[in-house]
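**Student:** Dumping the structure here so I can ask a few things about it.
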Amino acid sequence: MRKNVIMGNWKMHFTVEETDKFLNKLIPKVKDAKTEVVVCVPFTSLALASNTLSGSNIKLGAQNVHFEEQGAFTGEISPNMLKSVGVSHVLIGHSERRIYFGESDETVNKKIHTCLKHGFVPVLCVGESLKEKEDGDMENILTNQIKNAFLNISSEDASKVVIAYEPIWAIGTGKTATSIDADNTISFIRKVVSSIYNKEISENMIMLYGGSVKPNTIKEQMSMENIDGALVGGASIVVEDFERIVNF
Ligand code: 13P
């Protein structure tokens, strides 16, 4: 049985003060959640969030990590830095990082190796652009993203990865994929994973949908066979919305 996971990706929102205020409001509201709850906060808020969340059922995620252990990499954050503040999950290859910050399939693969080596749950983000979808390239794009991400990852390690399917055209646009389309695409992603590893790994892998997930879309999304949870952007920084999504 796959578990359900609801993750918030705060992106570039909230100062340390705002983080504390937000989490203190959120903690009591989701304490009886039936799903795993993770918040991916900005790097500057991780240390504070780790303290504020201690003793709660909310896990701490980071939005990126560097693949090297340490060194002359100005502006980067190492796996040990994340470990020292109690991070459990790391978003890898979010489309915003691929589009604006030069994240490539190659760096995504390196970062997944690094996460697995350090015991983090890598949350691999994949998804096609509107043009790729309209050109009928979606399956090719997803297949390449996934095959490259899992390069030289053992099956034992692969089973620890979470995949988030986030069609780029649905992110921050209010245009969520229909539940049926999202389910079909994630079913396709399971086939790709199965072709790399096997059916068991693919059937047991936790797969999330992301892209304009809102309190009024979550219930139907969660009722779909292949969707195990959500990666939530905009609605994850509004306490009432995120609470309703978690407690769908
Ligand atoms: P929105 O929920 O704001 O569309 O963002 C989705 C996303 O990118 C989560 O990682």
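**Student:** Tell me, what HN-Hα J-couplings in whole Hz come from the Karplus equation 6.51 cos²θ - 1.76 cosθ + 1.60 at θ = phi - 60° for each residue of segment 14-23, using x for Gly and Pro?
**Tutor:** Per residue, the Karplus-derived 3J(HN,Hα) values read 5, 6, 4, 4, 5, 4, 4, 4, 4, 5 Hz.
**Student:** Expressed as a whole percentage, what fraction of the accessible surface of the chain belongs to carbon and sulfur atoms when a 1.4 Å probe is rolled over the protein heavy atoms? Before the final figure, lay out each step's value.
**Tutor:** Numbers: 5830 of 11590 Å².
Looking at the chain in its full context, I get 50 percent from C and S.
**Student:** Would you kindly state how much longer the chain becomes between Asn51 and Glu134 on full extension, computed as 0.36 nm times their sequence separation minus their alpha carbon distance, in nm to one decimal?
**Tutor:** 25.3 nm
**Student:** Please work out how many pairs of lysine residues in segment 115-182 are eight or more positions apart (or on different chains) and have Cα atoms closer than 23 angstrom.
**Tutor:** 7
**Student:** Just the accessible area per residue of segment 15-60, please: how many Å² with a 1.4 Å probe?
**Tutor:** 51 Å²
**Student:** Computed FRET efficiency, Cβ-Cβ of Lys21 and Asn216, R0 35 Å: what is it to the nearest 0.05?
**Tutor:** The calculated FRET efficiency here is 0.85.
**Student:** A follow-up question, please. Go through Leu23, Leu116 and list them by solvent-accessible area, largest first, probe radius 1.4 Å.
**Tutor:** The residues order as Leu116, Leu23, largest area first.
**Student:** If amide H atoms are built 1.01 Å from N in the plane of the peptide, which residues on other chains or at least 5 residues away come under 5 Å of the amide H of Gly8?
**Tutor:** Val38, Val39, Cys40, Val232
**Student:** I want to check the label-to-label distance for Ser155 and Ser104. Put each point 7 Å from Cα in the C-beta direction and report it in nm to one decimal.
**Tutor:** Here the modelled spin labels are 3.1 nm apart.
**Student:** Highest GNM mean-square fluctuation, the chain, Cα pairs closer than 10 Å: which of Thr74, Thr176, Thr15?
**Tutor:** Residue with maximal mean-square fluctuation among Thr74, Thr176, Thr15: Thr74.
**Student:** Could you give the C-alpha radius of gyration of the chain expressed as a fraction of 2.2 N^0.38 Å, taking N as the number of residues it contains?
**Tutor:** On the way: Rg = 16.9 Å, N = 248, 2.2 N^0.38 = 17.9 Å.
Against the empirical 2.2 N^0.38 Å value, I get 0.94 for the chain.
**Student:** Same structure, new question: Most mobile of Thr173, Thr19, Thr107 per a Gaussian network model of the chain (Cα springs, under 10 Å)?
**Tutor:** Thr173
**Student:** Taking amide hydrogens as modeled 1.01 Å from N in the peptide plane, which residues meet the under 5 Å criterion relative to Val121, leaving out close sequence neighbours?
**Tutor:** For Val121, the qualifying residues are His89, Val90.
**Student:** Oh, and also: Go through Tyr197, Tyr209 and list them by solvent-accessible area, largest first, probe radius 1.4 Å.
**Tutor:** Tyr197, Tyr209
**Student:** Please sort by residue number the chymotrypsin sites (Phe, Trp or Tyr not before Pro) in segment 61-132 whose DSSP state is loop and whose Cβ has at most 16 other Cβ atoms within 10 Å.
**Tutor:** Details: sites: Phe67, Phe73, Tyr100, Phe101, Phe120; in loops: Phe67, Phe73, Phe101, Phe120.
Those that pass, being in a loop and sparsely packed, are Phe73, Phe101.
**Student:** Further, regarding this structure: Which aspartates and glutamates, if any, have their Cα less than 19 Å from the Cα of Lys83, not counting same-chain residues under 8 positions apart?
**Tutor:** Cross-link targets: Glu68, Glu69, Asp157.
**Student:** What residues qualify as long-range amide H neighbours of Ala164, i.e. H under 5 Å apart, gap of 5 or more or another chain, H built at 1.01 Å from N?
**Tutor:** Amide H neighbours of Ala164: Leu124, Cys125, Val126, Leu208.
**Student:** Moving on to the next point. At 1.4 Å probe size, with every protein chain present, just tell me what the per residue accessible area of segment 112-248 comes to in Å².
**Tutor:** The answer is 43 Å² per residue.
The values are calculated or read from the model by the stated rules, or taken from the named source; none is laboratory data. From a predicted model like this one, the values you see are computed outputs, not experimental measurements. A quick note on method: Cβ atoms are made from the backbone with ideal geometry, for glycine too, and the neighbour counts reach across all protein chains shown. Ligands, DNA and RNA are excluded from the accessible area calculation, which covers all protein heavy atoms including side chains. Shrake-Rupley method; radii C 1.70, N 1.55, O 1.52, S 1.80 Å.
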